[in-house]
Amino acid sequence: MKLNVTAFGIALGLVWGGATLSLGIVDIFTTWGDGWGMLMSSMYIGYAPTPLGSIIGGIWGFCDGGIGGVTIAWLYNKFAN
């Protein structure tokens, strides 16, 4: 069975983008996840524990997760026969 590369990329992008956005929102109101937030801000330009920074991080996360999902599904389809 082959994976739909586009659908898998979008799904993984939504999951990772949502997780990144959620982390930013949680980091605004609590100190939980400060270390992870600092790591994410070093990887994603514009990411910060602010409302706008969380949205920017969510967009970066969607793009990053989408590229990763497409790559994983493509590799799976190449090796699964």
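Quick grid of which residues meet (1) farther than 30 Å from Met1 by Cβ; (2) at pLDDT below 95:
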| position | (1), (2) |
| --- | --- |
| Leu12 | no, no |
| Ile25 | yes, yes |
| Thr31 | yes, yes |
| Trp36 | yes, yes |
| Ser41 | yes, yes |
| Ile59 | yes, no |
| Asn81 | no, yes |
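Out of Thr20, Thr6, which single residue is at pLDDT 90 or above, part of a helix (DSSP H, G or I), of a type in the set (Ser, Thr, Tyr) and buried (at least 17 other Cβ atoms within 10 Å of the Cβ)? Explain how you work it out, then say what you get.
On the way: Thr6 fails: buried (at least 17 other Cβ atoms within 10 Å of the Cβ).
So the residue among Thr20, Thr6 that is at pLDDT 90 or above, part of a helix (DSSP H, G or I), of a type in the set (Ser, Thr, Tyr) and buried (at least 17 other Cβ atoms within 10 Å of the Cβ) is Thr20.
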Scanning segment 23-47 residue by residue, the ones that are among the polar types (S, T, N, Q) and either within 15 Å of Asp64 (Cβ to Cβ) or in contact with a strand residue (DSSP E or B) (Cβ under 7 Å, 6 or more places away or on another chain) (or both) total 2
For residues in segment 35-81 being of a type in the set (Ser, Thr, Tyr) and free of Cβ contacts under 8 Å to residues at least 24 places away in the same chain, which is farthest from Leu23 (Cα to Cα)? Thr71
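The values are calculated or read from the model by the stated rules, or taken from the named source; none is laboratory data. In this text the structure is predicted, and so the values were computed from the model without any measurement. With ideal geometry, Cβ positions are generated from the backbone for all residues, glycine too; neighbour counts draw on all protein chains shown.
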